[in-house]
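Everything on this sheet refers to the single structure shown next.
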Amino acid sequence: MKGEPDFLQNLRDEMGGGRQWLDRVIVITYAVFAGLAVVGFTLLADAAIGLYHSLRSSAWWAPLIWTPAVTALVVWLVRRWAPGAAGSGVPQLLTALAPETPISERSRFISLKLSAAKVLAVSGGLLAGLSIGRQGPSVQVAAGVMLHARRWLSPRSGISDRELLVAGGAAGIAAAFNTPLGGIVFAIEELSRRLQERSSGLMLAAIVVAGLVAVSAFGNLSYFGRVRAEGVSWWNLLAPGAVVALGCGLLGGLLSRLMLASFTGLPDRFCAYRRKRPVTFAAICGFAVAVIAVVSGGAAVGVGHEHTRDLLELATAGSAAQAQQPLLFTALKFIASWLSAWAGVPGGIFGPSLSLGAGLGADVAWLLNSPHGPALIALGMCGFLAAVTQTPITAMIIVMEMTDGHSMVLSLMACALVASLVSRMISRPLYSTMSVLMMRSLAPKPTSPQA
């Protein structure tokens, strides 16, 4: 049995190791760089969305030409110069974290070069007017920045590549959503699933530093404002909340299944054409999304944060139906998100899932004539995100922090669990399944026997 810690000896060991402190400074410095990368990514993505809306407002027909052209260009550039930047970013990080992935192959999924390519490609997709998010890609971006610290650390630092990757991924979520608790839970639930004592300290340091950078840039405010649900009892939310949870589970599971089918490819003529002419197929998908943009007045494309924020504000005022056409927005956003992923443009699903869930919650409030619109919208955001990612705890924490909805913790938790369970009956886990498929590309091809 070990004795009690020797405080003075431990203090001398901590203060006497100059190289150890230099390694810590390097890690903290790269955490700052990771936070700055996510902040720069956010600003560039917002500027791209703003330019797209300016173009769309100048001529209603402009997206019909602009969107397919830019979509095809982005897909061609990614396939030609940075194939590792394709997809959402979370499966790439899971693949890099997998013990089966050789260290020599890790740069195919996570690197500083891919981080830069990811920022430009996702911003290009938003400039095209596609329905994609930037939060998932922020995971790959921040992880690539943090992993670059490896070349400056001493061999005796005791900090592994895995710890840098987990810390970077968690910092990316925390900075992208401005939700530090969400970053921690995401790292535990999706990335690591087990944390050593040293890993947790490194992850917390990266989250704190990257979060401070994001707060310094955007302020310490709730992403969508505060959800007014203090006077809503769980009994009043039971029936409409159950409808929201079931609807999110069904639609979220269906979207996840469609995205997996699009990623793996099916033996049909559409997937065969995509494999044969990926750039032309991307242009066709872009044109379909452009038609949706014209029909919805631009509401069903982009990340969807502005529409979600408007929904919450109008629902608080009792007029959520004015922010969207009931049922139509949810259907169009669903199709646009699927087609954007099928096109092959890098982008995440976090942002569109939150927007879809908000629209579904508003639809249920309208159908049932419920006076608790803000609460149902928050439940929809939580349920849809949990259904698509099948990470209910992460979804609950992120939505709670983004909406400052601490009074709805139990309701959010129940909705996330139900939606995730329903989704699991429809689809395999999205990110881990994509990661398994990526790892198959690393398997050595069998050689033909010599005659």
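If ligands, DNA and RNA are left out, what is the accessible area of I188 with a 1.4 Å probe, given in Å² to the nearest 10?
Approximately 80 Å² of I188 is accessible to the 1.4 Å probe.
Can you give me the pair-distance distribution of the chain, C-alpha pairs, 10 Å bins, whole percents?
5, 21, 31, 25, 12, 5, 2, 0
Looking only at trypsin sites (Lys or Arg not before Pro) in DSSP loops with at most 13 other Cβ atoms within 10 Å, what is the longest site-free stretch of the chain?
195-451
Ignoring ligands, DNA and RNA, please state the percent of accessible area on the chain from carbon and sulfur, probe 1.4 Å.
66
Report, in whole Å, the centroid distance computed from the Cα atoms of segment 104-136 and segment 358-404.
Using only Cα atoms to place each centre, the spacing works out to 27 Å.
Of L385, W338, V70, which is farthest on the positive side of the dipole of the chain, counting Cα position, with +1 on Lys and Arg Cβ, -1 on Asp and Glu Cβ, and the Cα centre as origin?
Toward the positive end, the furthest listed residue is V70.
Within the chain, which complete DSSP H helices have Cα atoms spanning at least 20 Å along the helix axis and a mean Kyte-Doolittle hydropathy of 0.5 or higher?
Correct list, ordered by number: 18-58, 62-81, 112-128, 161-177, 197-218, 234-264, 278-296, 328-343, 350-367, 373-389, 409-424.
Of the options I28, Q140, A96, report the single residue whose Cα projects farthest towards the positive end of the charge dipole of the chain (beta-carbon charges: Lys, Arg +1; Asp, Glu -1).
A96
Might you tell me the accessible area per residue for segment 341-450, computed with a 1.4 Å probe and given in Å²?
Ligands and nucleic acids excluded, the figure is 36 Å² per residue.
When only Cα pairs under 8 Å and 6 or more residues apart are kept, what is the percent relative contact order across segment 289-390?
The normalised contact order for segment 289-390 reaches 29 percent.
Roughly how many Å² is the accessible area per residue of segment 75-137, as a whole number, for a 1.4 Å probe?
That works out to 37 Å² per residue.
Any chance you could look up the accessible area of D268 with a 1.4 Å probe, heavy atoms only, rounded to 10 Å²?
Solvent-accessible area, nearest 10 Å²: 50 Å².
Shape of segment 351-428 from its Cα gyration tensor (a ≥ b ≥ c, root eigenvalues): rounded if a/c is under 1.5, otherwise prolate when a/b > b/c, or oblate?
Oblate shape, in that a/c is at least 1.5 and b/c is the bigger or equal ratio.
Counting helices only, and only those DSSP H runs with n ≥ 4, report the 222 nm mean residue ellipticity of the chain as the sum of -39,500 (n - 2.57) divided by its residues, in deg cm²/dmol to the nearest 500.
That calculation yields -23500 deg cm²/dmol at 222 nm.
Placing +1 at every Lys and Arg Cβ and -1 at every Asp and Glu Cβ, with all other atoms neutral, what dipole size does the chain have around its Cα centre, in debye to the nearest 20?
It works out to roughly 1640 debye.
Could you report the accessible area of C415 in Å², rounded to 10, computed with a 1.4 Å probe on the protein chains as they sit in the structure?
For C415, the solvent-accessible surface is approximately 10 Å².
The values are calculated or read from the model by the stated rules, or taken from the named source; none is laboratory data. These figures come from a predicted structure and were not determined experimentally. All Cβ positions, glycine included, derive from the backbone under ideal geometry; neighbour counts span all protein chains shown. Side chains are part of the model used for accessible areas, which takes the heavy atoms of the whole protein and leaves out ligands, DNA and RNA. Shrake-Rupley method; radii C 1.70, N 1.55, O 1.52, S 1.80 Å.
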